[in-house]
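J.: Before I ask anything, here is the structure I am working with.
The values are calculated or read from the model by the stated rules, or taken from the named source; none is laboratory data. This structure is a prediction, so every number in the text was calculated from the model and none was measured. Virtual Cβ from ideal backbone geometry, glycine too; neighbours counted across all protein chains shown.
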Amino acid sequence: HLKPVVSLDTRDYDLSFRNDILEQISGKELLKLVQTLTPAYRTVFNLYVFEGMKHREIAELLQISEGTSKSNLFDARNILQRKVAISLKVAK
C-alpha cells in the first residue's frame, strides 16, 4: 500500500500543520491562503486534497504529466505550510 503524497493525518505534516496549529487558524483563513497559490498549484491542490482525485486523474484532466501533478502538490503544500506559520506569527 503506497502512502499518498499528502496525507490528511496531521502527524505527517511539519509543525505548521499540527492539530494545535490548525486549531489556531480558521477554515476561512486557510482557504484564503489556498487562494494565494498560483493557478497551477491551487488547481492541483484542490483536485487532490478537496476532490480526492489521484495524480493520474489530475494529469489526464489538466493534460500534464503525473510527475508535474505530484511536484505541484508538493510545492503547494510547502508554500501553504510556510504561509500558515507566518500567519500565526503575525497574529500573535
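J.: Is there any pair linking a residue in region 52-65 that is modelled with pLDDT of 95 or more to one that is part of a loop (DSSP other than H, G, I, E, B) and not aliphatic (A, V, I, L, M), with Cβ under 6 Å and at least six apart or on different chains, and which?
T.: That search, which allows pairs on different chains as well, returns A59/S65.
J.: Considering V84, V90, which residue is under 12 Å from the mean Cα position of the chain (by Cα), at pLDDT below 95 and part of a helix (DSSP H, G or I)?
T.: Matching residue, one of V84, V90: V84.
J.: Moving to a separate point now. When you look at R42, is it loosely packed, with under 15 Cβ neighbours inside 10 Å, part of a helix (DSSP H, G or I), modelled with pLDDT of 95 or more and among the charged types (D, E, K, R), yes or no?
T.: So R42 does not fit the description; no.
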